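Notes follow once the structure below has been shown.
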Amino acid sequence: MRGVILFAGLAALVVGGCADAGQDFVDGVPLAVTFDDLPWSGGTIGRTQILERTSILLAALEAREVPAVGMVTCANLLPDGAAIRRWRRAGIELGNHSSTHMDLNRTDPGTWIEDVRRCDARLHALTRDSIRWFRFPMLHEGETVAVRDSVAQALTAMGYRNAHVTIDNSEWVLARAYDLALREKDELLAAEVAEAYVEHIVEASRHFRQVARERFGRETGQVLLLHANSLASDHAGAVIDALVADGFVIKSLAEVMTDPVFLEPDGYAGPRGLSWLYRVEPAIDDDPWDEAAEAEISERFLER
Ligand SMILES: [Zn+2]
């Protein structure tokens, strides 16, 4: 493994791929922005607040012309689908994130696929669109090769593409801290968490750009995972601005996924939810950076 990484790093230097921002792409590194757990993730807020916060998030995306994709957990939909209608009106493409956020590690594949199918039917009834993206809950794609390949086949047969994530991160930990700060009306703490959110996502993006350079000898398209939460509605705009300033150019998920890295063979079957850049054969399923970042954030904001 070490030899492979060293060789890839050397190849990057030989073809001139040193660590400058986006030099493998003329306009910057293509980045797709995706939001999971629509209509709303975390916090105990009611319908009115969900709709208000959804509108604030969508306004931030619209102001920056971000062609995001929102992954819907259908069992959590408001009865009339009001939040989802707002996403659609804002021109945001929707994806299927299962009906009940069912964990493939804890379910038999048949039951799990039925859960996905229910969400597909619901989304189709609500939007009249055919839905083409699927995002695995927890990024759990099968603990064995047999399960992984059988659900992948079933999803393909339903017309779905796997909406891979490359910039996996621990934003959900910060989102919990942010919700607590809002509930306590602790504005100082909320501002501190917001600042950490922007820093953490920029760090995560730099980390996975480095992973791409080490593993593939070049920059690749990247897919960012965020959630539809209060942190995003107040600060996703600042995150996107920081990423653009750092060398990214925002593209649609469909465009980013034309990068050949997404056609590489999947080398991972196991319990973890991993960035696609780690899943590519040969898979890397332990990353000190990921774990250290999550531990540091938890310690700083949730254990004090
Ligand atoms: Zn989710």
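Brief remarks on what is shown
- Here's the picture: charge each Lys and Arg Cβ at +1 and each Asp and Glu Cβ at -1 in the range 44-194, and of 87, 164, 107 the one pushed furthest to the positive end of that dipole is 87.
- Note on the range 215-304: with neighbouring protein chains present and a 1.4 Å probe, carbon and sulfur make up 51 percent of its accessible heavy-atom surface.
- Counting only DSSP beta bridges whose two residues both lie in the chain, roughly 5 percent are antiparallel.
- On the range 100-158, 53 percent of the accessible area sits on carbon and sulfur atoms, based on a 1.4 Å probe.
- For the range 2-301, the relative contact order is 28 percent, taking Cα pairs closer than 8 Å that sit 6 or more residues apart in sequence and dividing their mean separation by the residue count.
- Under 5 Å, built H, 5+ apart or other chain: amide partners of residue 93: 70
- Taking the Cα centre of the chain as origin and assigning +1 to Lys and Arg Cβ atoms and -1 to Asp and Glu Cβ atoms, the resulting dipole is close to 1040 debye.
- Computed [θ] at 222 nm, deg cm²/dmol, the chain (DSSP H ≥ 4; -39,500 (n - 2.57); rounded to nearest 500): -16000 deg cm²/dmol
- Two-site FRET efficiency, residue 292 against residue 184, from Cβ-Cβ distance with R₀ of 35 Å, rounded to 0.05: 0.80
- Each residue of the range 276-288 is assigned a 3J(HN,Hα), and the resulting list reads 4, 5, 8, 6, 4, 4, x, 5, 10, 10, 9, 9, x Hz, derived from the Karplus form 6.51 cos²θ - 1.76 cosθ + 1.60 (θ = phi - 60°), x at Gly and Pro.
- Annotation: amide H-H contacts under 5 Å for residue 133 (H modelled 1.01 Å from N, sequence separation of 5 or more, or interchain): 96, 161.
- Between the range 74-139 and the range 252-277, the alpha-carbon centres lie 20 Å apart.
- Couplings 3J(HN,Hα) for the range 199-206, derived from phi with the Karplus relation 6.51 cos²θ - 1.76 cosθ + 1.60 (θ = phi - 60°), are 4, 5, 5, 5, 4, 4, 5, 5 Hz, where x marks Gly and Pro.
- In the context of the full set of protein chains, residues of the chain present 45 Å² of accessible surface per residue (probe radius 1.4 Å, heavy atoms only).
- Candidates per trypsin sites (Lys or Arg not before Pro) in the range 91-161, loop by DSSP, up to 12 other Cβ within 10 Å: 128
- Largest mean-square fluctuation among 182, 225, 38, in a Gaussian network model of the chain whose springs join Cα atoms under 10 Å apart, belongs to 182.
The values are calculated or read from the model by the stated rules, or taken from the named source; none is laboratory data. A quick note: this is a predicted structure, and the numbers were derived from the prediction, not measured. For neighbour counting, all protein chains shown are included, and Cβ atoms are generated from backbone atoms with ideal geometry for every residue, glycine included. All accessible areas refer to the heavy atoms of the entire protein, side chains included, with ligands and DNA or RNA removed. Shrake-Rupley method; radii C 1.70, N 1.55, O 1.52, S 1.80 Å.
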